[in-house]
Amino acid sequence: MRRSLIGPTLRERRRALGITQSRLAADVGISASYLNLIESDKRNIAGALLKRIAEALGLAVDELDGAAERRLLDDLNELTGEPLLADLQLDPAAAHGLASGQRDWARALIRLHRAWLDRGRAVGALSDRLNQDPFLGGAVHSLLSQVAAIRSSSEILETVADLEPQQRQRFVSIVGNESARLAEVAKALAAFFDKDYSGTRSLSPVDEVDDFVFDHANHFPSLEQAAADFRAAAALEGGCSEQALLEYLRRAHAVQIVIRPSAGFGRSEPHEHVAFDRASRTLVLAEAAPRPALRMQLARVAAELFDEGHALDGVLAQAAQLGTDAARRRARRVLSSYLAAAVLLPYEAFLDAARRARFDIDHLVQRFGASYEQVCCRLVSLRRHGAAAIPFGLMRVDAAGFTSKRFPLPQLALPRHGQACPMWAVYQTFQTPGTIVRQLAEFPTGERLLFVARTVEKARPGFVLPRRVLSIMLACDALHADQTVYGDGLDLASTAPAVPVGPSCRLCVRRDCLYREEDAVVDT
């Protein structure tokens, strides 16, 4: 079983407050030696004692063993799968000891690994441009041609003494013209090589946004409040239908509505079905947009106009994880979608309906007029302290295995790069599109999870382009499976049969797995 990192978190917090071990131990009613064992992660802690220590340090219990600690372990485990280090036979189980006892060293290793990836990707980007960029080949050919013309004309001017004035002037003009062209090519080449390929980063804007969302447990109370304020002010408590949102935009913000054919709409952002011009207050709608997607985007425009973006700006202002403009732009889109979902699927009403329906996704789709993906994403965000739903993880992949959405659980590390275990239900759904696949999965560590996955199809930009089929998977600890309709009929006993899965082939210790796609880089 994966252990927590509660000990180091307590130690760091205690030291930051300037509290000694003996004083804290006395305050919570234990010995200093026992507290030392806890802080060294040599004793598990839970229940009343954990609550007393958390209160003494001014921490909420759910702040302990949070997303940052889980990511540190996940990143260390990813490091054990680095092919360059395969001969060292790094043991993933030892990562916990390093993260627990030497957290700064662990962070240093991760930072160096990412820097090494950065350099490799920068070299790769330059190599690709040098080998494949058509501009470079054309520029070099042009450069050589112009140099040859200048050299030839210069030799004639230098060696032929009896040139007619008109001929001499022609060769002088050739030298002048080709020199000017040569200078232009040289400038273009300089600009080409001045591009900041060193900016290629292993921690991409997507990763930065992932870290930001994970650190907030995918729950933003200020946005939930902004959504509730909007619904009340817009008199939408009876329901946020498409027509109600359009009427609100016309009435409250004098927005003009224009409907255009879907063909060619939003080519720069194929998933967008609404385009809003703030200057002219014109809202353009795609004629054949899917109703749930259209409602979501109308809610986003309406809520942002009502709030004037203050709620989003407030969250982003505290987002230290976002180090680039690209990450901040992406995070704003993510938060804007979160706000829209909170408008259309109000927290209390949605949580109550989810519990009553035992988290039946299809029922919630019908009940709220939302899409399958919208319901799944909203279920993951129900993390309010004291009023939380089952802790769900989420993963979305395409047919090539690319992960485009991910929210892990403490016992389920989802891959940042590459594919997960091919046995996971999220991949099996492509064999039966549109059908829900449930799976009781058991990892080599003994941890059991319930996977619930189904494909969804996105609108394709044009007839000649292939279908856009994605697979979305919810995951929860098997201990919660009986609270869902998807646990019905399953033997949930700890000794019952389950599908043997792993994290990924490179990190899986199941040597006899027939589904293995590549050799493991860890020893059993």
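The values are calculated or read from the model by the stated rules, or taken from the named source; none is laboratory data. All figures in this text were calculated on a predicted structure; none of them were measured in a lab. No Cβ is skipped: glycine too gets one built from the backbone with ideal geometry, and neighbour counts run over all protein chains shown.
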Original post:
Has the stretch 70-84 got any residue that is exposed (fewer than 15 other Cβ atoms within 10 Å of the Cβ), over 19 Å from Asp215 (Cβ atoms) and modelled with pLDDT of 75 or more?
Top reply: yes
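Yes or no: Val464 among the β-branched types (Val, Ile, Thr) and touching a residue at least 40 places away in the same chain (Cβ under 8 Å)?
Numbers: among the β-branched types (Val, Ile, Thr): yes; touching a residue at least 40 places away in the same chain (Cβ under 8 Å): no.
Criteria not met by Val464.
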**OP:** Have a look at Asp118, Asp91 and point out the one that is over 30 Å from Ile6 (Cβ atoms) and either at pLDDT below 70 or in the same structural domain as Asn36 (by TED's automatic domain parsing) (or both).
**Re:** Asp118
Original post:
What is the one condition in (1) under 29 Å from Tyr427 (Cα atoms); (2) surrounded by fewer than 22 Cβ atoms within 10 Å (Cβ to Cβ); (3) not aliphatic (A, V, I, L, M) that Gln374 does not satisfy?
Top reply: (2)
**OP:** Return the only residue of Ala354, Ala400, Ala389, Ala349 being surrounded by fewer than 17 Cβ atoms within 10 Å (Cβ to Cβ) and modelled with pLDDT of 90 or more.
**Re:** Ala349
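Listed here are the residues, each with its yes/no results for (1) outside any strand (DSSP E or B); (2) over 21 Å from the mean Cα position of the chain (by Cα); (3) at pLDDT below 95; (4) under 30 Å from Ser222 (Cβ atoms).
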position: Cys376; (1), (2), (3), (4): yes, no, no, yes
position: Arg438; (1), (2), (3), (4): no, yes, no, no
position: Arg454; (1), (2), (3), (4): no, no, no, no
position: Gly462; (1), (2), (3), (4): yes, yes, yes, no
position: Ser471; (1), (2), (3), (4): no, no, no, no
**OP:** Please tell me if Asp512 is in a helix (DSSP H, G or I), without any contact (Cβ under 8 Å) to a residue 24 or more places away in the chain and either among the acidic types (Asp, Glu) or within 29 Å of Leu79 (Cβ to Cβ) (or both).
**Re:** no
Subject >> Counted residues, the stretch 378-392 - those being within 16 Å of the chain's Cα centre (by Cα) and of a type in the set (Val, Ile, Thr) >> reply: 1
Original post:
Among (1) under 22 Å from the mean Cα position of the chain (by Cα); (2) modelled with pLDDT of 90 or more, where does Arg416 come up short?
Top reply: (2)
**OP:** Only strands (runs of 3 or more DSSP E) wholly contained in the stretch 185-304 count here; list those with 2 or more residues that are farther than 23 Å from Ala341 by Cβ and at pLDDT 85 or above.
**Re:** 256-260
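Going by what's in this entry, would Thr484 be described as of a type in the set (Val, Ile, Thr) and either in contact with a strand residue (DSSP E or B) (Cβ under 7 Å, 6 or more places away or on another chain) or closer than 20 Å to Val375 by Cβ (or both)?
yes
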Original post:
Has the stretch 413-421 got at least one residue that is touching a residue at least 24 places away in the same chain (Cβ under 8 Å), over 30 Å from Glu82 (Cβ atoms) and touching a helix residue (DSSP H, G or I) at 6+ places or on another chain (Cβ under 6 Å)?
Top reply: no
**OP:** For residues that are of a type in the set (Val, Ile, Thr) and over 18 Å from Val469 (Cα atoms), tally how many sit in the stretch 362-407.
**Re:** 3
Original post:
Which residues, taken from the stretch 15-52, are touching a residue at least 12 places away in the same chain (Cβ under 8 Å), under 21 Å from His96 (Cα atoms) and not in a loop (DSSP other than H, G, I, E, B)?
Top reply: Leu35, Asn36, Ile38, Glu39, Leu50
